[in-house]
Amino acid sequence: MEDSGRKIIGIGETIMDIIFKNGKPTAAVPGGSTFNGIISLGRLGLDVSMISETGNDKVGDIIMDFMKENGVDNSHVAVYATGRSAISLAWLNERNDAEYMFYKDYPAARLEVDWPRIKKDDIVMMGSYFVLNPVLRPKVKQFLEYARRCGALIYYDFNFRSSHKYEAIKIYADMLENLEYADIVRGSTEDLENLFGNGDAEAIYKKEIEFYCRQMLCTAAGGDVLVLSPTVKKRFPVKDVPTVSTIGAGDNFNAGILYGLVKYDIRRDDLDTLSEEMWTKVVQCGIDFATEVCQSFDNSISKEFAERYKMKN
């Protein structure tokens, strides 16, 4: 793919995932929901930046170096002097789905960074509790206002875990505000259950989302991908493949969608009239990326897959 001149900026947490299988640690991989997708896009040679934070410690050093090694601009990552880098323990079950325990020790002052330069039709990817966290919300909102003024295409992944389900009512207004900023929203059926108490994507789209954000993608673990937009309502089948770990599958579905938007030169103003044929091409990129990630302990597509995919496409 030729250089499109478009930048992709992710905003979200960084974390070290320590993965357990059958009660034993199997791998330690830098991660974070937006971070995982940004790493994949960096491996594909796109112009990518990450807005985040990490500690001034060995884990933080690994995370910062990992970004640099994978072509990600880390100059907008705050390295705080006090506190420690975040760590998660991910316990894989018999289906290789993960249950998490998080260890976080953040300082009082957070996300003290300068925003990257953004131009029209650059892409911003955001998601998870990070962009709803009351501590970070003023900074996140400031950035989203800036990105909207610059004409960025904003992609929002709910990625709302069951551990925050009890906060769904409290963060509801901020979630709606994120939808107003967003041009495309992606949620899993589990996200919808946790946020709205209902996993029926079509009903939720009509009742809760369409008024704010007109393009919605819904994924289901091992199930079809549903696209809901002003021009298209279609389900796309997903092949059943043997999995090693499902960590990062949704994150890399997002990365594939963004790769498709860049590859097929789809701009923000194109979205409301995007054809079924073009949605099919873009969604296939998302499915391809998610399928690849499920077959390893890595949280992102491999460099080898990235090289093959660029040549194939």
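Nothing in this text is a laboratory measurement; each read-out follows from the coordinates by a stated rule. Because the structure is predicted, anything quoted here is derived from the model rather than measured. Every residue, glycine as well, gets a Cβ built from its backbone with ideal geometry; the counts of neighbours run over all protein chains shown.
Before rounding to the nearest 500, sum -39500 (n - 2.57) across all DSSP H runs of length at least 4 in the chain and divide by the residue total; then give [θ] at 222 nm in deg cm²/dmol. Display every interim value, and only then the final one.
On the way: 9 runs with 101 residues, N = 313.
Per the formula, -10000 deg cm²/dmol.
In region 98-198, what trypsin sites (Lys or Arg not before Pro) fall in a loop by DSSP, with at most 15 other Cβ atoms inside 10 Å?
Numbers: sites: LYS104, ARG110, ARG117, LYS119, LYS120, LYS139, LYS141, ARG148, ARG149, ARG161, LYS165, LYS170, ARG186; in loops: ARG110, ARG117, LYS119, LYS120, ARG161, LYS170.
Answer by residue number: ARG110, ARG117, LYS119, LYS120, ARG161, LYS170.
Using 1/(1 + (r/R0)^6) with R0 = 41 angstrom and r between the beta carbons of TYR172 and GLN284, what's the FRET efficiency to the nearest 0.05? Present the calculation step by step, with values, prior to reporting the outcome.
Working: r = 33 Å, r/R0 = 0.81.
Result of the calculation: an efficiency of 0.75.
Among LEU132, LEU228, which comes first, second and so on when ranked by fewest other beta-carbon atoms within 10 Å?
Working: LEU132 23, LEU228 20.
Taking fewest neighbouring Cβ atoms as first place, the list is LEU228, LEU132.
Hey, which of these cross-link pairs are over 32 Å Cα-Cα: LYS104/LYS281; LYS104/LYS170; LYS104/LYS206?
Where the Cα-Cα span goes over 32 Å, the pairs concerned are LYS104/LYS281; LYS104/LYS206.
Would you list SER162, SER302 from fewest to most Cβ contacts within 10 Å? Could you put the intermediate results ahead of the total?
Details: SER162 11, SER302 15.
Least to most surrounded, the residues fall as SER162, SER302.
If only Cα atoms are counted, what is the Rg of the chain, and what is its Dmax, in Å?
That works out to 18.0, 51 Å for Rg and Dmax.
Report the antiparallel proportion of the DSSP beta bridges in the chain as a percent, rounded to a multiple of 5.
Values: 21 of 54 bridges.
That works out to approximately 40 percent antiparallel.
Would you mind ranking LEU46, LEU41 so that the residue whose beta carbon has the fewest other beta carbons within 10 Å leads the list?
On the way: LEU46 24, LEU41 29.
Taking fewest neighbouring Cβ atoms as first place, the list is LEU46, LEU41.
Output the relative contact order of the chain, whole-number percent, from Cα pairs under 8 angstrom with separation of 6+ residues. Write out the running numbers ahead of the final one.
Numbers: 633 pairs, mean separation 53.1, N = 313.
Over the chain, the number comes to 17 percent.
Are there GluC sites (Glu not before Pro) in region 57-122 that DSSP marks as loop and that have at most 13 other Cβ atoms within 10 Å, and which are they? Show your work: numbers first, answer last.
Working: sites: GLU69, GLU94, GLU99, GLU112; in loops: GLU94, GLU112.
When the GluC sites (Glu not before Pro) of region 57-122 are filtered for loop state and at most 13 Cβ neighbours within 10 Å, GLU94, GLU112 remain.
For region 133-202, what does the alpha-carbon gyration tensor say about shape, rounded, prolate or oblate, given a ≥ b ≥ c as the root eigenvalues, a/c under 1.5 as rounded, and a/b over b/c as prolate?
Values: a/c = 2.71, a/b = 1.48, b/c = 1.83.
Since a/c reaches 1.5 but b/c is at least a/b, the shape of region 133-202 is classed as oblate.
Averaging sequence separations of C-alpha pairs under 8 Å and six or more residues apart, then dividing by the length of region 193-313, give the relative contact order as a whole percent. Numbers along the way, then the final one.
Values: 146 pairs, mean separation 29.5, N = 121.
Relative CO of region 193-313 lands at 24 percent.
Please sort by residue number the trypsin sites (Lys or Arg not before Pro) in region 215-298 whose DSSP state is loop and whose Cβ has at most 10 other Cβ atoms within 10 Å.
Hits after loop and neighbour filter: LYS239.
What residues have an amide H closer than 5 Å to that of ILE8, excluding those fewer than 5 places away on the same chain, when H is modeled at 1.01 Å from N in the peptide plane?
ASP47, VAL48, SER49, ILE123
Given a Förster distance of 41 angstrom, what is the FRET efficiency for MET101 paired with ASP200, based on the Cβ-Cβ distance and rounded to 0.05? Please list the in-between numbers first.
Values: r = 31 Å, r/R0 = 0.75.
For R0 = 41 Å, the calculated efficiency reads 0.85.
Could you work out how far the C-alpha centroid of region 134-156 sits from that of region 205-260, in angstrom?
Between the Cα centre of region 134-156 and that of region 205-260, the gap is 22 Å.
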